[in-house]
1. Among the numbered criteria (1) in contact (Cβ under 8 Å) with a residue 24 or more places away in the chain; (2) farther than 25 Å from VAL12 by Cβ; (3) surrounded by fewer than 17 Cβ atoms within 10 Å (Cβ to Cβ), which one does ALA81 miss?
2. Evaluate the following for ALA48: is it more than 11 Å from the ligand (Cβ to nearest atom), surrounded by fewer than 23 Cβ atoms within 10 Å (Cβ to Cβ) and not acidic (Asp, Glu)?
3. Does GLU138 fit the bill of being in contact with a Pro (Cβ under 8 Å, 6 or more places away or on another chain) and of a type outside the set (Lys, Arg)?
4. Going through region 86-102 one residue at a time, which ones are surrounded by fewer than 18 Cβ atoms within 10 Å (Cβ to Cβ) and either assigned to a strand (DSSP E or B) or on the phi > 0 side of the Ramachandran plot (or both)?
5. Of all residues in region 81-97, how many are farther than 12 Å from ILE56 by Cβ and either among the hydrophobic types (A, V, I, L, M, F, W, C) or within 11 Å of the ligand (Cβ to nearest atom) (or both)?
6. So THR121 fits all but one of (1) buried (at least 16 other Cβ atoms within 10 Å of the Cβ); (2) under 20 Å from SER139 (Cα atoms); what number is the exception?
7. Do you know which residues across region 117-146 are more than 18 Å from PRO107 (Cβ to Cβ) and either part of a helix (DSSP H, G or I) or at pLDDT below 95 (or both)?
8. In region 1-45, which residues are within 14 Å of the ligand (Cβ to nearest atom) and outside any helix (DSSP H, G or I)?
Amino acid sequence: MKEIVLQTKIKVCSYNELSADDREVVDAARAATSNSYAVYSKFNVGAAVRLKNGVIVKGSNQENAAYPSGLCAERTTLFWANSQYPDSAVLTLAIAARTEKGELPVPIPPCGACRQVILETEKRFGETIKIILYGAKESYIIEDGIKALMPLSFDSEFLE
Ligand code: THU
């Protein structure tokens, strides 16, 4: 029997070890947690993307009394960025979260649905997205894009 071993490379670093460019996107994601509408979960998530045209777009989770009608920070941000700048690839995506106790010390990973949308965004522009998961104590940098977080993923290639 053959075996497939899948590996994911994640760099772990402190906030101070991030490059100035990465800190800018991370800081936008952290700031975006203040605009979160998380009245039900009290879990404030912020996301930010740096686009190829230099623009940084940020967004946050937006909840709804009919729970599934809400949307995560990552998809709010990506959909807004892609709808405003449909010709500009997403280069970097940062995610941060905060509760009533303050910023989370550990990195916040994107949910499955958001991973699928990140994958579609990579495919759409043909560019790997650098993903930075911010935590106050330590952050994760995923340089290889969404495939590292979602191996064996379904994308448009299977429809051809
Ligand atoms: N949430 C995000 O915005 N992004 C994630 O990656 C995980 C979860 C939101 C959805 C919901 O508003 C709240 O966090 C609790 O699940």
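1. The number of the failed condition is (3).
2. no
3. Considered against the rule, which asks whether it is in contact with a Pro (Cβ under 8 Å, 6 or more places away or on another chain) and of a type outside the set (Lys, Arg), GLU138 comes out as yes.
4. THR99, GLY102
5. Going through region 81-97 one residue at a time, the tally reaches 4.
6. (2)
7. Within region 117-146, VAL117, LEU119, GLU120, THR121, GLU122, LYS123, ARG124, PHE125 qualify.
8. Within region 1-45, SER36, TYR37, ALA38, VAL39, TYR40, SER41, LYS42, PHE43, ASN44, VAL45 meet the criteria.
The values are calculated or read from the model by the stated rules, or taken from the named source; none is laboratory data. Worth saying up front: this structure is predicted, and the values here are computed from it rather than measured. Note: ideal-geometry Cβ built from the backbone for every residue, glycine included; neighbour counts use all protein chains shown.
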